[in-house]
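Written out below as structure tokens is the structure these notes cover.
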Amino acid sequence: MTDHAREQATILETHGLTKDFKGFTAIKDINLSVQTGSIHALIGPNGAGKTTFFNLLTKFLKPTSGQIIYDGRDITHARPAGIAQRGLIRSFQISAVFPHLSARENVRIALQRKLKVSYHFWRPLRILDQLNEQAQATLEQVGLGKFGDVKAVELPYGQKRALEIATTIALEPRLMLLDEPTQGMSAEDVSTVTDLIKRVIEGRTIVMVEHNLNVVATLADQITVLNRGEILAEGNYDEVSNNPEVMEAYMGTTDAA
Amino acid sequence: MQVILAQALLGLNVGVFYAMLSLGLAVIFGLLNIINFAHGAMYMLGAFIALIGYSFLEQWLGISLQIGFWASLILVPLLVGLLGVLIERLLLRRLYDLDHIYGLLLTFGITLILQGLFSNYFNVSGTPYPGQPESLSGVVNLGFMYFPTYRLFAIVFSLVVCFATWFFIEHTKLGSRLRAGVENPDLTQAFGLNVPLMITLTFAFGAGLAGLAGVLAAPIYSVSPLMGADLIIVVFAVVVIGGMGSIMGAILSGLALGLIEGLTKVIYPPAASTVIFFLMVLVLLFRPAGLFGKEK
Amino acid sequence: MQPDQKPELLRIENLHAWYGESHILHGLNLTLHEGEVITLLGRNGSGRTTTLKAILGLVSKRTGSIRIQGTEIINMPTHRIAHVGKLGYCPEERGIFASLNVDENLELPPVIAKGGLSVDEIYAMFPNLKERRKSQGSKLSGGEQQMLAIARILRTGANLLLLDEITEGLAPVILKALDDVIRKLREKGFTIILVEQNFRFAAPLADRHYVIEHGQVVEQIDAADLEAKKEQLNRHLSV
Amino acid sequence: AGALSDDKIKIGVLSDMSGVYKSLEGPGAVIAAQMAIDDFGGSVMGNPIEIISADHQNKPDIGASTAREWIDAKEVDMITALDNSSVALSVQGLAKDKKIITMNTGAGSTALTEEQCSPYGIHYVYDTHALPVGTATAMVKNGGKKWFFITADYAFGHSLRDNTGAVVESLGGEVVGNVNAPLSTNDFSSYLLQAQSSGADVIGLANAGQDTVNAIKQANQFRIVQSGQKLAGMLVFITDVHSMGLDIAQGLQFTTAFVWNQNEETKAWSERFHELHGAMPTMVHAGVYSAVTNYLNAVKETGTDDTETVRAKLGEMTLNDMFVKGGKIAPNGSMLHDMYLVEVKKPSESKSEWDLLRVVSKIPADQAYISMADTKCSLVN
Amino acid sequence: MTNRILFILMLVAGLTAPFYAYPVFVMDLLCFALFACAFNLLLGYAGLLSFGHAAFFGGAAYITGYVTKEWGFSPLLGILAGTGFTLVLGGIFGFLAIRRQGIYFAMVTLALAQIIYFMALQLPFTGGENGLQGIPRGELFGFIDLNNPLAMYYFVFAIFLIGFGIIHRTIHSPFGEVLQAIRENESRALSLGYDVDHFKLLAFVISATLAGLAGATKAIIFQFAALTSAHWQTSGEVILMTLVGGLGTVFGPVLGAITVGALSHELSAFGSWVQVILGTIFVVCVMTFRRGIIGEIQRLVSRKQS
Ligand SMILES: Nc1ncnc2c1ncn2[C@@H]1O[C@H](COP(=O)(O)OP(=O)(O)OP(=O)(O)O)[C@@H](O)[C@H]1O
Ligand SMILES: Nc1ncnc2c1ncn2[C@@H]1O[C@H](COP(=O)(O)OP(=O)(O)OP(=O)(O)O)[C@@H](O)[C@H]1O
Ligand SMILES: [Mg+2]
Ligand SMILES: [Mg+2]
């Protein structure tokens, strides 16, 4: 494979990424590469460093050392808003919507960015109306078509989650980072969201943290197992789930799951 | 040179008050996450209780009763602490779940009330406190200047109080319980420690510290309803400069800034009232978390 | 119930608990006798942790009845419950105080009754903690943190231990050590509620298992019946 | 009663009711004004005389907006007290536009009758020219050649410092330094130490009220006087002396317009005032009484409250009452009268709580005040 | 809808006020109302508590006063100069203050404002304690004499309406929408690609500028620029006004300014009791009345509707 082709194929790479919290190393020397167009799952026991790793990728934390390459560019020291503007968007472990805006407004906030009027404090709100149709279409896509005028805070948990995803895809991200997208969901919600992710994946890459192995099994093309801040194993679901080390550290069993 | 030494000593004199107040703020902030705007008012209150105890009780109550300086030094912090208990129990407690700015606004309101009350009955430009003890009324000849014994006493006493507080919080079991209560109140309670009580007492302690500073200040400055308000804003700047990270940080930055302010009075007097604020700007530019603060 | 059973220690009846608006426990009942070890099993989010927190008063609202040796504690403030019930709590997230060192962490919980282990006994039980006595809590490995979390409630004289997911994220060697610890505690006569994902770990330790679903006990299985009821258990717990 | 604009005379007492100057004017001024009205009979030509009072808090903007409302909406005819030069200047300026008489009894700045003089502004009790004439002259003549000033940092302090400096220099003395302290300073220690290290013979306190008291007390704490420097309070009131106590204040010389126990007449009035107020009157309290009385006299004699007419009448009158003998209101508004250099008694000399001062000499009106030949007031030349 | 009714009410009341109330007092209220609206933009809509807004209110007054008095600027130009000054000052303060969050932000703004206060006290051109006196009212457009009370009044009312309009528009603009998003969930807004700090800064600058406009106007009305306007207590007062009227409501600050302003005026004879009363209102608002007058009304109305 030529270098160029490799760059095309991997959208995100980390080199020797490390994060120290006052002497406690939460992330140790992680080298990870994510294939363009894949769904890449990050699993591991609690405290393994998954959220920390995510926070490093999305600039909510500064790495102690190491490099993050996104789309061929070094973004290790980029601003959080800057990387978002280049199509790298995250969702949160805790539900992240704008509670007192309606569902449509939530999506519109995301769409608004490309109009480049966000600093225009002298323009009336009306000029955002042109986005309504697109916002509605995005809501339909995640099955929230009926809820456009409902305030986010009033939506049930699963639908909030869906709204968050709608907001994220409204930005037309190239790489989405989802932190436990199904956490705290009922079984039905889980399958809704799983379907949703399957639907929106086209043309995008997803990195997700997930505890629910069913979801991982159905969605992930590639899995990286973290343990104590280090990569324990990598591969597809079958490879990983049969890896004895993983069974030990993560599943807590020595037999096959 | 003499001038510089003299002014440095006066600066230290101011610095110990900065240190005591920012220490109290830091203790309260540490446990309650609330900036106690009323801290200055409690300092003022401390001075007034001492004054009233000494000069007015007799007149007001019609009985012969005078509370001397030494008694005030013990009684006043307790009384101001008691007020702290009331404020925490009755008011602040209900605000913990809200945005922290409400705590700030509440204590601002309390500041106005206390200031207004005392402005009604006392001259805003100050009433002298005549109760300075005989034993401290002399002067010490320091070679380069005569320095009032009382001021020297105030400096030493405040330093002792500051470092004792530091030792208590950083190096005793009770201190470690306080810190645990800050870090994880639920769990600390589950272990059977009465965290609400600890919070109340800590607030009371911080308030008492302000009251104590007030008593110490009374014989030096005349006692005025606005004495705390003028001071507290400077102390805020001290806190921003020092950062809320550590108890020692609060003490040291208080002392240091008092000194710097004192020396500015020699070098360029007009800047003396603003030098701390300009230092704050510098710190914000180059070390936003403050000198002793923890990087987020 | 067998007539030779030890006296009743804990009785929970019709327990409801809320976090803010969300109603998590819906009328939970369970009973525990002195010296017993029981487990609470269930899927993620079924309400096992919440059960422990509700006993301790760490939820925003609870109703029903919780009696420890006959004393009703449902309306008690949290800090009294540990004293009255002689409770020791080891939380899911371990709750090691990052700003305190191992010694300070160990000495933090106040002694609530006589008969607790001495610090020396504790260090004898957990030799690798002894090596790290002066280390900051945040610098311990996951296993050490877990050890410390258990160790510190043994000092207090508590005899009813609430242990939440103590095996989570631990290497098998540590699991082995923990298994020893729990056995020792059981021999010493402690009463223990184990909340466990790791059924393999919990099964041989417990006298009885409660399966919780949607904030209610849906199944109660004695250790002796475990083999016979394996089917049901699998149905409840399959992920 | 047709001649009055509004069927009553309303006198505004605008004073510092809560701050540094509270005890030297403040509520006492309202009492003095009320005494004047009562002594006058409570009405003029059958129209009632009323008092309105307010606290200017030593803030010129508050003073001016209060006065503005008094004039615009409350039909106030004359404003008195104004014991803060910043406030006095702003109110006098406003009253000039609005054509209302001000009889300032408390402020000191000579700007009131010089650069910013007003046809309706009267400066009644003392000014910063009159104060140093007695005090500074006496001190320089006793060998206090080198002066260092601690100045209240506003109109009054600046004016007092400049005028005192001029007197000192005119007698061959020298001003070696100055430091400005904010109004209402609590801690003068660092200023005093600067003064001490300047090597001056005299530390001139160009401030007033509580500020002067604090400065003198703290100078005592730091043993400034014992180390050989003299303090000169350029504006001292009897209430200040009373609150310092004779132990600290003894020997202090200063200039005043009024000594309460100077004669039977002043004594009788002062004791009545003491009865009502709980303290002996300052020169300013006595001045308010005199000013209000003479204003009412002028209204009665002219039969109108018209500003121009009353002011013209006041200019013609020779003022004689317990406060002033043979006083004249000059065209620039300055009320020309004798002043006194006094000295604080030793504790052994004092016979009663308020027996504090001894008159050293009288300063005749023509020495105390700027003469009409020298004035910079545009109304005169 | 309710907003439209309220707006018409405000317009009518404003236009007729000088005929039944003391115009200078009403003008004072209008300045404070505009000041409170500007402050509300920051706290109510961007969630930032500035404890230093008096620096802008007072700072602008001094600049306006100086250029009209010493340089002979026309009142309009003078007001623009004062407002322009706070635009720059707001930029500087905002840049510094948004480096810290929450209560720290409040403390930093308070301390920064204190620098302005001391400058006003010490710089030669401000007149120190004396203040800047005798600022001419001058003529508007060269022919309307502002010494005429009615002319002055309607000039001030027009400025108020313009300032109010700008704030109203800002709140209901694409920018305001993002601001609200930031207030509700800052990290989410950041992850959507919004430079949160830039938005906060712009909000801070707009708020500072309009606070300056209010202060500059006040200088012309009272012909005075004084320390009181730059004092921290004024910062506290404007917070109280906003809180009483209703944080994050369009008309709340106006109503709050009128309520608090009228109250202080009526009670001014009671001396320091005013402070006690204002303090008590503060405490009551924080403890039990956090929505403010308009906020409570809105809640009652919406409860009735549902
Ligand atoms: N701000 C911090 N300061 C100190 N230590 C931290 C900090 N944030 C995380 N850690 C530590 O870093 C380790 C990794 O934490 P992280 O949140 O990344 O885990 P995780 O893999 O996401 O776990 P989970 O499955 O529980 O979400 C943990 O031991 C945690 O205690
Ligand atoms: N602080 C909280 N606020 C609101 N809801 C909560 C809170 N903590 C837990 N919950 C919710 O309560 C439910 C029960 O949680 P609980 O922690 O008791 O589950 P569990 O059975 O211990 O599962 P696990 O620990 O495996 O996640 C879950 O739906 C969870 O989302
Ligand atoms: Mg995580
Ligand atoms: Mg759990």
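In the stretch E:141-243 the Cα-Cα distances spread across 10 Å bins starting at 0 as 12, 33, 30, 17, 6, 1 percent of all pairs. Once both labels are positioned 7 Å from their Cα atoms along Cα-to-Cβ, the gap between D:T309 and E:A158 label points is 4.2 nm.
How many partner chain Cβ atoms sit within 10 Å of a residue's Cβ in peptide B:194-202, on average, as a whole number?
The mean count of partner-chain Cβ atoms within 10 Å per residue comes to 2.
Per residue, the Cα convex hull of chain A amounts to 140 Å³.
Leaving ligands, DNA and RNA out of it, rank D:D97, A:D129 by accessible area with a 1.4 Å probe, largest first.
Working: D:D97 110, A:D129 80 Å².
Output order, biggest surface exposure first: D:D97, A:D129.
Accessible area of B:S135 (1.4 Å probe, protein heavy atoms only, ligands and nucleic acids ignored): about 90 Å². In the stretch B:1-286, Cα pairs under 8 Å separated by at least six residues give a relative contact order of 41 percent.
Beta bridges assigned by DSSP with both partners in the protein assembly as shown are antiparallel in approximately 50 percent of cases. Relative intensity of chain D on a log10 scale, I(q)/I(0) at q = 0.07, 0.11, 0.13 Å⁻¹, equals -0.28, -0.71, -0.99, per a Debye sum over C-alpha point scatterers of equal strength in the absence of solvent. In the full protein context, the protein assembly as shown carries 37 Å² of accessible surface per residue, based on a 1.4 Å probe and ignoring ligands, DNA and RNA.
Anisotropy class assigned to the stretch D:1-96 is oblate, per the alpha carbon gyration tensor with a/c at or over the 1.5 cut-off and a/b no larger than b/c.
In terms of its alpha-carbon gyration tensor, chain B comes out oblate; a/c meets the 1.5 threshold, while b/c is at least as large as a/b. When nucleic acids and ligands are ignored and a 1.4 Å probe is applied, B:V266 ends up with an accessible area of around 50 Å².
Ordering B:W70, E:W71, C:W18 by accessible surface, largest first, gives E:W71, B:W70, C:W18; the 1.4 Å probe counts only protein heavy atoms, with every chain in place. Using a probe of 1.4 Å on the protein chains alone, the accessible area found for D:R223 is around 60 Å².
What percent does the relative contact order of chain D come to when contacts are Cα pairs within less than 8 Å and at least six residues apart?
Details: 820 pairs, mean separation 69.2, N = 381.
Worked out over chain D, it gives 18 percent.
Computed over chain E with a Gaussian network model linking Cα atoms closer than 10 Å, the most mobile of E:F155, E:F19, E:F95 is E:F19. Helix D:209-221 versus the longest principal axis of chain D: what is the Cα-based angle in degrees, 0 to 90, to the nearest 10? Its long axis makes an angle of about 10 degrees. To the nearest 100 Å², how much accessible surface do chains D and E cover up together, summed over both, with a 1.4 Å probe? Chains D and E together bury roughly 1300 Å² of accessible area.
Can you send over the carbon and sulfur percentage of the accessible area for the stretch E:128-199, probe radius 1.4 Å, protein chains only?
Numbers: 1470 of 2490 Å².
Roughly 59 percent, rounded to a whole number.
Going through the stretch B:93-166, which trypsin sites (Lys or Arg not before Pro) have at most 13 other Cβ atoms within 10 Å and a DSSP loop state?
Numbers: sites: B:R93, B:R94, B:R151; in loops: none.
The qualifying sites: there are none.
Mean per-residue shielding of peptide D:83-89 is 3, counting Cβ atoms of other chains within 10 Å of each Cβ.
Among the GluC sites (Glu not before Pro) in the stretch D:302-372, those located in a DSSP loop and surrounded by at most 14 other Cβ atoms within 10 Å of their own Cβ are D:E349, D:E353.
The accessible surface of chain B, taken with every protein chain in place and a 1.4 Å probe, is 69 percent carbon and sulfur.
Once C and A are treated as a pair rather than alone, how much accessible area drops out, both sides summed, in Å² to 100, probe 1.4 Å?
Numbers: alone 11300 and 13030 Å², together 23490 Å².
Interface area, both chains combined: 800 Å², rounded to the nearest 100.
If you take the alpha carbon radius of gyration of the stretch D:305-381 and divide it by 2.2 N^0.38 Å, what ratio comes out, to two decimals? Mind dumping the intermediate values first?
Working: Rg = 17.2 Å, N = 77, 2.2 N^0.38 = 11.5 Å.
Rg over 2.2 N^0.38 Å, computed on Cα atoms: 1.50.
Between E:A13, E:A120, E:A216, the GNM of chain E built on Cα springs shorter than 10 angstrom shows E:A13 fluctuating the most.
Compared with the dominant principal axis of the Cα atoms in chain D, helix D:130-141 is inclined by about 20°. Relative to the longest principal axis of the Cα atoms of chain A, helix A:157-170 runs at roughly 80 degrees.
Is it possible to state the helix-based mean residue ellipticity at 222 nm for the protein assembly as shown, with each DSSP H run of 4+ residues giving -39500 (n - 2.57), the sum divided by total residues, to the nearest 500 deg cm²/dmol? What is it?
That calculation yields -16000 deg cm²/dmol at 222 nm.
Hydrodynamic estimate: the Kirkwood radius of the protein assembly as shown over Cα pairs, inserted into Stokes-Einstein at 10 °C and 1.306 mPa s, corresponds to D of 44 µm²/s. Could you tell me which of rounded, prolate or oblate describes the stretch A:98-172, using a ≥ b ≥ c as the square roots of the eigenvalues of the alpha-carbon gyration tensor, with rounded for a/c under 1.5 and, failing that, prolate when a/b is larger than b/c and oblate otherwise? In terms of gyration-tensor shape, prolate.
With loop defined by DSSP as not H, G, I, E or B, and exposure as at most 11 other Cβ atoms within 10 Å, which is the longest segment of chain C clear of exposed trypsin sites (Lys or Arg not before Pro)? Intermediate values should be presented prior to the final figure.
Details: sites that count: C:K114, C:K134.
Here the longest run is C:1-113.
For the protein assembly as shown, taking a cut-off of 4.7 Å between Cβ atoms, the unpaired cysteines are B:C162, C:C90, E:C31, E:C37, E:C285. Each peptide in E:174-181, B:116-123, A:110-117 receives the mean, over its residues, of other Cβ atoms within 10 Å, and ordering these scores from highest gives E:174-181, B:116-123, A:110-117.
Contact-buried residues of the stretch E:271-285, at a threshold of 20 Å² lost accessible area versus the chain by itself: E:S272, E:W273, E:Q275, E:V276, E:G279, E:F282, E:V283 (1.4 Å probe; DNA, RNA and ligands ignored).
Accessible area of the stretch A:98-172 with a 1.4 Å probe: how many percent of it is carbon plus sulfur? Mind dumping the intermediate values first?
Values: 1740 of 3360 Å².
Carbon and sulfur atoms account for 52 percent of the accessible area of the stretch A:98-172.
Rounded to the nearest angstrom and listed largest first, the equivalent-ellipsoid semi-axes of the stretch D:243-367 from its Cα gyration tensor are 32, 17, 10. Accessible surface buried by the E/B pair amounts to about 3900 Å², both sides summed, 1.4 Å probe.
Could you work out the mean count of beta carbons from other protein chains within 10 Å of each residue's beta carbon in D:195-201? Before the final figure, lay out each step's value.
Numbers: counts 0, 5, 6, 1, 0, 0, 0.
The per-residue average across the peptide is 2.
When each full DSSP H helix of chain B is screened for a Cα extent of at least 24 Å along its own axis and an average Kyte-Doolittle hydropathy of at least -1.0, the helices passing are B:2-32, B:69-90, B:100-121, B:149-171, B:195-217, B:247-267. The GNM of chain B, with springs linking C-alpha atoms under 10 angstrom apart, assigns the highest mean-square fluctuation among B:F48, B:F168, B:F236 to B:F168.
The values are calculated or read from the model by the stated rules, or taken from the named source; none is laboratory data. Model, not experiment: these values are computed from the prediction. Ideal geometry is used to build each Cβ from the backbone, glycine not excepted, and the neighbour counts take in all protein chains shown. Side chains included, ligands, DNA and RNA excluded: accessible areas come from the protein's heavy atoms. Shrake-Rupley method; radii C 1.70, N 1.55, O 1.52, S 1.80 Å.
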